[in-house]
Amino acid sequence: ETERTVRGRSEHTLTSYGRDLAQFASYVHGLGITFAEVQREDALMFIRHMNKEKRYQEATVNRKISCCRTFYASLVRKQVCSANPFALISVHRHESHLPTVLTASEVTSLLSLPWHDFPSARDQLVFSLLYDTGCRISELRSIREEDIEKEMLRIRVLGKGKRMRYVFFTKRTQSLLSSYLSMKHERFDTPYLIVSNKGKQLPMSTIGSMFATYGRRLGWQKNFTPHVLRHTYATHLLDNGADIRLVQELLGHQSISTTQIYTHVSKERLARVYESCHPHGRKQHE
């Protein structure tokens, strides 16, 4: 911490902050991403994990979030991160912080957007692959054409800790992929699958802006990021009866406890549907 942050803190508080950061680092490691790749949805899931799974007291949760917020403020100042995922997040003991998940109809709207040139075809391929495969955006950016087995409808992905796994895509995406590659080969000679309009690896800043633009175009109020599609992928698989250990393997999670977060998300979404749609469930709120 900086001298300004440390000044006035008791030794006990600083020790607690150290434990808090270690716990958050362990959580991020379990997600298989870096500190710089943490999104607001990941921060909310961490809060929910502390509230629901660990059952910490409100003061403890608030301290942990304050610690993480300060940590990220430092990373933003040092230009390690572009944004603070813990900014403007407040905690209430019984508030449920669920990650943002698209509905099936929202996914259909997204994947039905027309494309007519290289940039729009690329954007549509990014959306399709993220939803089909559940890849982290960092993994998608690293995919080379040689990693794709088009006829087998699968891709070799190098994940966290340089662990290789296979992810799968649909025939619809296979068709889009073929069209995109034809346009890409006419323009660029690069091994990477997803490239910018200049043939370079697509920058993270461009990807963030791209998602925000499409979210506004679709009229969504929710924060639309690449990780939302990963959340949606996992939740929809579990909603439709996929075995949790299979989902763990597909997501590239080291620990099944990380994947279990999505079982709670799925159950709570189902409970909300029940309460809003079942006649007796509605009466409880009238």
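In a fully extended conformation the segment linking residue 270 and residue 21 would gain 86.3 nm over its present Cα-Cα distance, using 0.36 nm per residue.
Computed on region 40-142, the Cα convex hull volume stands at 142 Å³ per residue.
Cα convex hull of region 177-286: mean projected area in nm², to one decimal?
Values: hull surface 42.6 nm².
Directional mean of the projected Cα hull area for region 177-286 stands at 10.6 nm².
Restricting to DSSP loop positions (anything but H, G, I, E, B) with no more than 15 other Cβ atoms inside 10 Å of their own Cβ, which GluC sites (Glu not before Pro) remain in region 79-171? Qualifying residues, ordered by number: 95.
In the chain, the longest principal axis of the Cα atoms and the axis of helix 171-187 are about 70 degrees apart. With the gyration tensor restricted to C-alpha atoms of region 104-272, the semi-axes of the equivalent ellipsoid amount to 26, 20, 14 Å, longest first. The charge dipole of region 104-272, taken about the Cα centre with unit charges on the Cβ atoms of Lys, Arg (+1) and Asp, Glu (-1), comes to about 400 debye, rounded to the nearest 20. Neighbours of residue 20 by Cβ distance under 9 Å: Lys/Arg scored +1, Asp/Glu scored -1, total +3. At full extension, residue 245 and residue 175 could sit 22.2 nm farther apart than now, given 0.36 nm per residue minus the alpha carbon distance. Entry note, the chain: relative contact order of 19 percent, from Cα contacts under 8 Å with a spacing of 6+ residues.
Each label was represented as a point 7 Å from its Cα along the Cα-to-Cβ direction; for residue 115 and residue 164 these points are 2.7 nm apart.
Taken as Cα centroids, region 120-156 and region 173-240 sit 9 Å apart, rounded to the nearest whole angstrom. What aspartates and glutamates sit close enough to residue 171 to cross-link, taking a C-alpha to C-alpha distance under 15 Å and skipping anything fewer than 8 places away on the same chain? Excluding near neighbours in sequence, the set is 132, 149, 151. If only the Cβ of Lys and Arg carry +1 and only the Cβ of Asp and Glu carry -1, the dipole of the chain around its Cα centre is close to 540 debye.
Over the C-alpha atoms of the chain, the Rg to Rh ratio, Rh being the Kirkwood estimate, stands at 0.99.
Among 99, 119, 226, the largest mean-square fluctuation in a Gaussian network model of the chain (Cα springs under 10 Å) belongs to 119. Please list, in order, the residues from region 98-140 whose amide nitrogen is less than 13 Å from a point placed 7 Å along the Cα→Cβ vector of residue 217. Hits in region 98-140 for residue 217 at 13 Å: 109-128. Peptide packing: for 253-262, 183-192, the average count of neighbouring Cβ atoms within 10 Å per residue gives the ranking 253-262, 183-192, highest mean first. Volume of the convex hull of region 3-77 (Cα atoms only), normalised per residue: 90 Å³.
Readers should treat all values here as calculations from the given coordinates under stated rules, not as data from a laboratory. Note that the structure is predicted; figures quoted are calculated from it, not measured. Positions of Cβ are generated from backbone atoms using ideal geometry, with glycine treated the same way; all protein chains shown enter the neighbour counts.
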